[in-house]
Amino acid sequence: MYKLKNIFIYLGQLDRRYIFLLIALSVLIPLMKPGLLNIPIKTTSNSEIVFEQLNNLNKGDKVLVSFAYGASTKPEIHPMSIAVLQHLFSKGIKVYTVPLWPEGLMMAKYALKEVIESNLFDIKEHTDYVSLPYKAGGEIIIRGIATDLRSIFTQDVNNILLIDIPMMDGVHKVTDFDFIFDLSAGVPGNAEWVQFACDEHNVPLSSGCTSIMVTDAIPYVESGQIRGILAGMPGAAEYEQMVFKYLSDLRDSEILNENTPIVPGKATSRMSAQSIAHLLMVIFIILGNISYYLEQRRND
Amino acid sequence: MKRKIAYFLVVFIGFLTLLGHFISYPPLNNFIDNDATQWFDIISGFAAFLGVINLLQLHLNKVANKRSNWKFSIFTLVSFIVMIIFGFIYNGSNVAMGPHLKEEGSAFYWMFHNIYLPLGATMFALLAFFVASASYRAFKIRNFEATLLLISGIFLMIGRVPIGQLVPWWMSLEIYIFLLFAIIASRFKEKKTMLYSMIGTMIFMPLLILFFNLSDLGIFKIPEFQEWIMAVPATAGSRAIMIGIALGTIAQSYRIITGRERSILGD
């Protein structure tokens, strides 16, 4: 018994390098062997609301997708960008991308490129999507989009005048969009879309954000100002599952290109790694507490 | 005089913007909705330029005076200059300057894709290691508040990932009982009494739950319980913070537009 106590106390003072090593292994092994731990992903109500909201849109509807994340948060947000774009294109919805962060421009480019290269859909720039360039200003750009988009943006990302793009006909302000989808990892993000555009002009908004942002965004979700939320990597994985099922059901329809495989996104395969890492952290916390308790008792 | 003009501008534009939200006068509303946003756009462009100059100045000074960690400033300056060259001078692709930033053949794209992107992701990924280490050392049952934080943290960590679904109801129940006894442990004079009470409760409670057929309650399903934590206590806390921030913003804005708060101009 005494030996066991000592082991627990010793564990409490474990060199953090061992903790780092265990975390690295817990993430690396499931990432390198995705089939090792195959736990079904259960969808949460917030992810289902997002899916239903986008699913209720009709062919030809206009959706503005805001890219407010960068390289650091790409692993968490990017899978949901791909899944959302796939869902939108599968419904024949016109997509307008706007970067609110300098890196958002590249993130939008990567997401569109990945969807195009999947060959699932026949999509063309200026027919199915338009990419707006980055403008400095954050929430003021959102305010500008809300009132007069053309006063902020005169060209698209390829320096083509917006008046020369047929897809931009009738698009002047936020109310000309049928839906706004925000992909964000900070400020400006979903809160700014609520405060500066969507709530005032009554335009439906959904969001996909990092896990740490969810606590700040959840009051808007509960009040209905944000219609559902994709919360971090788990949210992305849930959405990927729903889109995967939706696209699989469309397999024989003419919307999808023939002989193109439908594959679940990256977030799904990353969930095993996150599961193990979270479990390991909980084990660390329990061990840390046992050690703390025993040490306190020894000191008393 | 310069300061007075600056104060006058702050107060005048502040009041104008505020009035624009309360008075329905088309020229004023147009100014607030359109012109002011363009002004901000132009000013923020200049601010970014000033930021760049400031960054250069700061790091050049650091290198020139060989202040602490000055060697890292060399990396900052070199990276800065390289990206400026690839962004404004050297293109490397056939497309025009500007759109070349997102064109795959361009040098800027190469740098972003192969250097900046992996470095950014690496920096963020390091968080996992620090969070793990910190949670091991800092997440302790010290008092009631710390215990609440610990319980919420554990349930969120497990409930947010698919592995949370695999936790059976009785295990959740045992965790609750364990945590309850961790909180009330100090109230027991006899250690053995506490131990027997805990073991008794851990055996008796699952049987009681089974008898009353309550095992399907959401509280025993970790994913559902974490959703409740997010929807109710987390929302309440976040709303309280948001309202506090909003009131603070109103007070601070009032001080600024009435000229009481002068620190914004460096006073």
For the range A:108-132, how many residues are of a type in the set (D, E, K, R) and farther than 20 Å from A:I165 by Cβ? 2
Could you check the range A:109-131 and list, in sequence order, the residues that are touching a strand residue (DSSP E or B) at 6+ places or on another chain (Cβ under 7 Å) and among the β-branched types (V, I, T)? A:I123, A:V130
Can you tell me which residue among B:R67, B:R3 is open to solvent by 100 Å² or more (accessible area, probe 1.4 Å) and touching a residue at least 60 places away in the same chain (Cβ under 8 Å)? B:R3
Subset of the range A:244-256 [in contact (Cβ under 8 Å) with a residue 40 or more places away in the chain and open to solvent by 70 Å² or more (accessible area, probe 1.4 Å)]: A:I255
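Given A:I283, A:I212, A:I218, A:I226, which one is in contact with a Phe, Trp or Tyr (Cβ under 6 Å, 6 or more places away or on another chain) and within 14 Å of chain B (Cβ to nearest Cβ)?
On the way: A:I283 fails: in contact with a Phe, Trp or Tyr (Cβ under 6 Å, 6 or more places away or on another chain); A:I212 fails: in contact with a Phe, Trp or Tyr (Cβ under 6 Å, 6 or more places away or on another chain); A:I218 fails: in contact with a Phe, Trp or Tyr (Cβ under 6 Å, 6 or more places away or on another chain).
Within the list A:I283, A:I212, A:I218, A:I226, the selection yields A:I226.
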Kindly indicate the residue of the range A:44-91 that is basic (K, R) and more than 14 Å from chain B (Cβ to nearest Cβ) and also most open to solvent (accessible area, probe 1.4 Å) among those meeting that condition. A:K59
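I need the full set of residues from the range B:152-163 which are open to solvent by less than 20 Å² (accessible area, probe 1.4 Å) and either at the interface with chain A (Cβ under 8 Å from one of its Cβ atoms) or in contact with a Gly (Cβ under 7 Å, 6 or more places away or on another chain) (or both), in order please. I'd like the intermediate steps shown before the answer.
Quick first cut of the range B:152-163, residues open to solvent by less than 20 Å² (accessible area, probe 1.4 Å) only: B:153, B:155, B:158-159, B:161-162.
Selection gives B:G153, B:I158, B:V161, B:P162.
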Residues of the range A:257-284 that turn out to be crowded, with 21+ Cβ neighbours inside 10 Å and under 21 Å from A:I93 (Cα atoms), as a count: 1
The number of residues in the range B:33-66 that are touching a Ser or Thr at 6+ places or on another chain (Cβ under 8 Å) and of a type in the set (D, E, K, R) is 2
Which one is nearest to A:G288 (Cα to Cα), of the residues in the range A:1-42 that are more than 8 Å from chain B (Cβ to nearest Cβ) and of a type in the set (F, W, Y)? A:F8
A:K124, sole failed condition from (1) in contact (Cβ under 8 Å) with a residue 40 or more places away in the chain; (2) surrounded by fewer than 18 Cβ atoms within 10 Å (Cβ to Cβ): (1)
Would you tally the residues in the range B:104-114 being within 11 Å of chain A (Cβ to nearest Cβ) and exposed (fewer than 14 other Cβ atoms within 10 Å of the Cβ)? 1
Is it the case that A:K94 is open to solvent by 10 Å² or more (accessible area, probe 1.4 Å), more than 20 Å from A:K74 (Cβ to Cβ) and basic (K, R)? yes
Take the conditions surrounded by 16 or more Cβ atoms within 10 Å (Cβ to Cβ) and within 21 Å of A:E114 (Cα to Cα) and apply them to B:Y136. Does it pass? no
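Can you pull out the residues in the range B:221-242 that are surrounded by 14 or more Cβ atoms within 10 Å (Cβ to Cβ) and either within 7 Å of chain A (Cβ to nearest Cβ) or modelled with pLDDT of 95 or more (or both)? Steps first, answer last, please.
Within the range B:221-242, the subset surrounded by 14 or more Cβ atoms within 10 Å (Cβ to Cβ) is B:221-231, B:234-235, B:238-239, B:242.
If the condition is that a residue be surrounded by 14 or more Cβ atoms within 10 Å (Cβ to Cβ) and either within 7 Å of chain A (Cβ to nearest Cβ) or modelled with pLDDT of 95 or more (or both), then B:P223, B:E227, B:M230, B:A231, B:A234, B:T235, B:S238, B:R239, B:M242 are the ones that fit.
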Taking only the range B:92-122 into account, find how many residues are part of a loop (DSSP other than H, G, I, E, B) and at pLDDT 90 or above. 1
Please list, ordered by residue number, the helices (runs of 4 or more DSSP H) wholly in the range A:1-102 having 1 or more residues that are closer than 30 Å to A:E139 by Cα, aliphatic (A, V, I, L, M) and within 17 Å of the chain's Cα centre (by Cα). A:45-55, A:74-90
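Using the structure shown, decide if B:L18 is in contact (Cβ under 8 Å) with a residue 40 or more places away in the chain, over 24 Å from A:F153 (Cα atoms) and not aromatic (F, W, Y). Don't jump to the end; show me each part of the working.
On the way: in contact (Cβ under 8 Å) with a residue 40 or more places away in the chain: yes; over 24 Å from A:F153 (Cα atoms): yes; not aromatic (F, W, Y): yes.
Yes, satisfied.
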What number goes with the only condition from (1) outside any helix (DSSP H, G or I); (2) more than 9 Å from every other protein chain (Cβ to nearest Cβ); (3) surrounded by 13 or more Cβ atoms within 10 Å (Cβ to Cβ) that B:W170 does not pass? (1)
Only one of (1) over 30 Å from the mean Cα position of the chain (by Cα); (2) more than 10 Å from every other protein chain (Cβ to nearest Cβ); (3) open to solvent by 30 Å² or more (accessible area, probe 1.4 Å) fails for B:K191. Which number is that? (2)
Kindly indicate the residue of the range B:88-103 that is within 11 Å of chain A (Cβ to nearest Cβ) and not aliphatic (A, V, I, L, M) and also nearest to the chain's Cα centre (by Cα) among those meeting that condition. B:K102
Single residue of the range A:286-300 satisfying the filter (of a type in the set (S, T, N, Q) and surrounded by fewer than 13 Cβ atoms within 10 Å (Cβ to Cβ)) that is nearest to the other protein chains (Cβ to nearest Cβ): A:Q296
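The values are calculated or read from the model by the stated rules, or taken from the named source; none is laboratory data. Just so you know, these numbers come straight off a predicted model, no measurement behind them. Ideal geometry is used to build each Cβ from the backbone, glycine not excepted, and the neighbour counts take in all protein chains shown. These area figures cover heavy atoms from the full protein model, side chains too; ligands, DNA and RNA do not enter into them. Shrake-Rupley method; radii C 1.70, N 1.55, O 1.52, S 1.80 Å.
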